[in-house]
Amino acid sequence: MAGCLDHLQLPRIAEWLELTERRNTIASIVSSALFFSGWWIIIDVAARYPSTQDFNHAYHVCGVMGTLSLIMINAVSNGQVRGDAYTTGCMGQRGARVWLFAGFVLGFGSIIAASWILFGAYVVPKRENQWPGVGLFLQNAFIFFGSLVYKFGRSEDLWG
């Protein structure tokens, strides 16, 4: 049974906007916007709540570890992980994979620590103001998603 919209063809949005040629540019802009937003949120929290009773400044370690994770994840290319581009050096392909795995562990660890702080210090004790915990979680989530966009949103074929 034929439908009335079977022969309707919509233009492909990627071709219409010419996104395939600008994929690396768009991925870096989105990634940097996410990274910036994460740090902007935590700067807002630190400026609004300068007292350690409202926001313990040791919680900034989660964001620093998330930033280190972003650097570690994007320090190795996909070709190095596959073994196409990196065969010599410190442990070769295995070293690149271990480095990438350690970066992901730091990223997930920072998100887990931020959610632990959110629930352990703000939600469960039923604090009146929970924005510092939410801001800390959003910071780490934005940094981690920014690192994922920058790692997997780029095309290494255009680097040739």
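The table for this structure:
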item	result
Enumerated helices (runs of 4 or more DSSP H) restricted to segment 42-160, each holding at least 2 residues that are of a type outside the set (Gly, Ala, Ser), out of contact with any Lys or Arg (no Cβ under 8 Å at 6 or more places or on another chain) and crowded, with 16+ Cβ neighbours inside 10 Å	60-75, 92-117, 131-152
Where a residue in segment 60-80 is more than 18 Å from Ser115 (Cβ to Cβ) and its partner, wherever it lies, is buried (at least 19 other Cβ atoms within 10 Å of the Cβ) and of a type in the set (Lys, Arg), with Cβ under 7 Å and at least six apart	Ile73/Lys151; Asn74/Lys151
In segment 26-76, the residues that are polar (S, T, N, Q) and in contact with a helix residue (DSSP H, G or I) (Cβ under 9 Å, 6 or more places away or on another chain)	Ser28, Ser31, Ser32, Ser37, Thr52, Asn56, Thr67, Ser69, Asn74
Residue in segment 60-68 that is under 25 Å from Gly153 (Cβ atoms), under 12 Å from the mean Cα position of the chain (by Cα) and of a type in the set (S, T, N, Q) present	yes
Matching residues in segment 84-111 - criterion: being of a type outside the set (A, V, I, L, M) and without any contact (Cβ under 8 Å) to a residue 12 or more places away in the chain	Asp84, Tyr86, Thr87, Thr88, Gly89, Cys90, Gly92, Arg94, Gly95, Phe101
Segment 42-53 residues that are hydroxyl-bearing (Ser, Thr, Tyr), paired with ones that are part of a helix (DSSP H, G or I) and surrounded by 10 or more Cβ atoms within 10 Å (Cβ to Cβ) (beta carbon under 7 Å, 6 or more apart)	Tyr49/Pro132
Filter result for Ala85 (in contact with a Gly (Cβ under 8 Å, 6 or more places away or on another chain) and farther than 28 Å from Ser155 by Cβ)	no
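We did not get these values from a lab; they are worked out from the coordinates using the rules stated. This one's a predicted model, so the numbers in the text were calculated from it and none came from an experiment. When we count neighbours, we look across all protein chains shown, and the Cβ atoms used for this are built from the backbone with ideal geometry, even at glycine.
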